[in-house]
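Reviewing the structure listed below.
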Amino acid sequence: MKLVIAVTHLLGTGHLSRALALAEAFAARGWSVDVVSGGRPAPHLGSDGATLHQLPPLASDGADFATLLAADGRPADAALFAARQAMLTGLLDSLRPDVLITELFPFGRRALAAEFDALLERARALPRPPLTLASVRDILAPPSKPKRVAETEDRLLRFYDGVLVHSDPALIPLEDSWPLTPAMRPLLRYTGFVVPPPPVPDDGTDGNAEILVTAGGGPVGRPVFEAAARCAASGALPQRWRLLVAKGDAALADRLRAMAPADRLLVEPVRPDFRALLGRASAAVGRCGYNTALDCLTAGVPSVFCPFEDGREVEQTIRAAILARQPGIATLREADLTPDSLAQALHSVLGARIPPLSPASLAGAARSVEIVETMLAEKTP
C-alpha cells in the first residue's frame, strides 16, 4: 500500500514532527510512505522508513500566518506558489497513492488553500482515487468567521473520506476548540495522541530533581527562559534549574548563564534525551504545544505551562486551560509571567501526581494505521 502525507509547517516544527511520526508507523507496517513537506527544512527530525520530498519552502512572518515568506525571507510571490502547486500535483500523479492525508487542511492553512484544492481535485480525478483523510491535532484554532466553518464542511464533504483526530476525546474532544457541524461528526476518527514510544530506561542521572525548562527558539521562548533564569537567581526554590535553549540562540544562552550562579542554573542546547530528562525532573516549565504537553503528560512530571499567545494564537491557551483541570498542572499567561508568579505556580504543582494516560491514549500512530487499513478495506470493492 502507498501513502502520501502533505504537510506544511509555518512556525514551529510540530506539524511536521507529527506527520513524520505517522509516516514511521505506516512504514513499520510495510507501507510505502512519501511525505511532502512545504515548510522550512528540519534536518533534526528523522524520517525513518519514509521518503521526504521538499517543496520550495514557506514560513510565516512570526505569528502572522497570512504573510508567508520564501526561503530568503522575502514575501512569497505567485511564481513560488505556482512552483509548489506544480510539484505537489506532479508528485501525486507519479506516486498514485492508495491513501492521501492532508495535515491540518481543511481546518487550517487557508493561505495555502489553492495548492491543497489543486491536490484534492487531482486526487479525485485519478483513475483510482485514493482514500483521502485530514489529520488534525487535539486543538484547532477556532474559526475567525462563521463562513470558515461552512467552507471547511464543504471541502470535507467534497473531497474527504474521514478526519483523523489525534486526541483522546475523554480528555480533549475536538469540539472544545472547533464548532463541529452535524455533517462533520460522522467523519471523525479519534486515534489517541501521536507520541514517540517512551524512552528506554537508563542509568543516567542528568536532570535528577531539577526544574527543566524548554520553550522553543527565538522570540517564542525568550520570555519563558528569562523569567526562569531570574527565578533561579532569586533562590525562591531549592532545585537547580536546567534550561534547554535552541542551538541557534547562543547569544541568549550566554545572557541567561550570566543571570544566576552555575549551582542554581545550567543552560545548554536542546538535547535528544529531553524526554529522559523529563522523567527525572521535579517539575517542567514550557510552552504548551502538542508535543511538549504530551511529553510532560507521558512523563507524569508536574508542569507549569506558559502558552504562546502572540498574534491571534489561541491553540496553546485552550490546551493549557483544559490540562490545568488536572492535579499537578498549572498554567501561567505570558502577561502574568514574572519570577515571583513562576515560583508560586511551581509551588502549587511540586510533589503532585499527574493521572497517567492510558496506553490506548498514547498509541495514536499505531491506531491511525489500523483505522486507515480498515477504511481502505471497506472502500475497496
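The values are calculated or read from the model by the stated rules, or taken from the named source; none is laboratory data. All of these numbers come straight from a predicted model, not from anything done at the bench. When we count neighbours, we look across all protein chains shown, and the Cβ atoms used for this are built from the backbone with ideal geometry, even at glycine. These area figures cover heavy atoms from the full protein model, side chains too; ligands, DNA and RNA do not enter into them. Shrake-Rupley method; radii C 1.70, N 1.55, O 1.52, S 1.80 Å.
Taking the options Ile139, Ile101, name whichever one is closer than 20 Å to Asp176 by Cα and within 22 Å of the chain's Cα centre (by Cα). First the steps, then the outcome.
Values: Ile101 fails: closer than 20 Å to Asp176 by Cα.
Exactly one residue qualifies, and that residue is Ile139.
With respect to the conditions (1) surrounded by fewer than 14 Cβ atoms within 10 Å (Cβ to Cβ); (2) over 20 Å from the mean Cα position of the chain (by Cα), Ala66 falls short on a single one, namely (2). For the structure I just gave you, tell me whether Ser32 is among the hydroxyl-bearing types (Ser, Thr, Tyr), farther than 20 Å from Leu95 by Cα and open to solvent by 10 Å² or more (accessible area, probe 1.4 Å). Taking the combined requirement at face value, the residue does not satisfy it.
Output yes when any residue across region 18-36 is within 21 Å of Asp117 (Cβ to Cβ) and outside any strand (DSSP E or B), and no when none is. I'd like the intermediate steps shown before the answer.
Residues of region 18-36 within 21 Å of Asp117 (Cβ to Cβ): 19, 34-36.
Filter once more, so that each one left must be outside any strand (DSSP E or B): 19.
Yes, because at least one residue in region 18-36 is within 21 Å of Asp117 (Cβ to Cβ) and outside any strand (DSSP E or B).
Quick check on region 91-126: of everything there that is at pLDDT below 95 and not aliphatic (A, V, I, L, M), which residue is surrounded by the fewest Cβ atoms within 10 Å (Cβ to Cβ)? By that ranking, first place goes to Arg110.
The set of residues in region 294-323 being among the β-branched types (Val, Ile, Thr), open to solvent by 30 Å² or more (accessible area, probe 1.4 Å) and under 24 Å from Gly351 (Cβ atoms) consists of Thr298 alone. Would you say Pro57 is free of Cβ contacts under 8 Å to residues at least 12 places away in the same chain and within 21 Å of Ser17 (Cβ to Cβ)? No: the conditions fail for Pro57.
Taken over region 136-169, residues that are touching a residue at least 24 places away in the same chain (Cβ under 8 Å) and over 23 Å from Ala6 (Cβ atoms) amount to 3.
Restricting attention to region 234-278, which residues are surrounded by fewer than 21 Cβ atoms within 10 Å (Cβ to Cβ) and in contact (Cβ under 8 Å) with a residue 60 or more places away in the chain? Within region 234-278, Ser234, Ala236, Leu237, Asp273, Phe274, Arg275, Ala276 qualify. Of the residues making up region 129-146, not a single one is in contact with a Phe, Trp or Tyr (Cβ under 9 Å, 6 or more places away or on another chain) and in a helix (DSSP H, G or I). With respect to being farther than 21 Å from Ala50 by Cα, assigned to a helix (DSSP H, G or I) and either acidic (Asp, Glu) or open to solvent by less than 50 Å² (accessible area, probe 1.4 Å) (or both), Ala79 falls outside the description. Would you confirm whether or not region 222-230 contains a residue that is closer than 30 Å to Leu104 by Cβ and open to solvent by 10 Å² or more (accessible area, probe 1.4 Å)? Yes.
Just checking, how many residues over region 255-293 are among the small types (Gly, Ala, Ser) and within 19 Å of Gln344 (Cβ to Cβ)?
Applying the first criterion (among the small types (Gly, Ala, Ser)) to region 255-293 yields 258, 260, 262, 276, 279, 281-284, 286, 289, 293.
When the remaining residues are screened for being within 19 Å of Gln344 (Cβ to Cβ), the result is 260, 281-284, 286.
Residues that pass the stated criteria total 6.
Any residue that is out of contact with any strand residue (DSSP E or B) (no Cβ under 7 Å at 6 or more places or on another chain), at pLDDT 95 or above and farther than 23 Å from Ala360 by Cβ - is there at least one of those in region 185-208? No, every residue in region 185-208 fails to be out of contact with any strand residue (DSSP E or B) (no Cβ under 7 Å at 6 or more places or on another chain), at pLDDT 95 or above and farther than 23 Å from Ala360 by Cβ. The residues in region 1-17 that are crowded, with 20+ Cβ neighbours inside 10 Å and either of a type in the set (Phe, Trp, Tyr) or touching a helix residue (DSSP H, G or I) at 6+ places or on another chain (Cβ under 7 Å) (or both) can be counted, and the count is 8. For region 159-167, check the following and say yes or no: at least one residue is open to solvent by less than 40 Å² (accessible area, probe 1.4 Å), modelled with pLDDT of 95 or more, acidic (Asp, Glu) and assigned to a loop (DSSP other than H, G, I, E, B). The answer is no, given that none of the residues of region 159-167 is open to solvent by less than 40 Å² (accessible area, probe 1.4 Å), modelled with pLDDT of 95 or more, acidic (Asp, Glu) and assigned to a loop (DSSP other than H, G, I, E, B).
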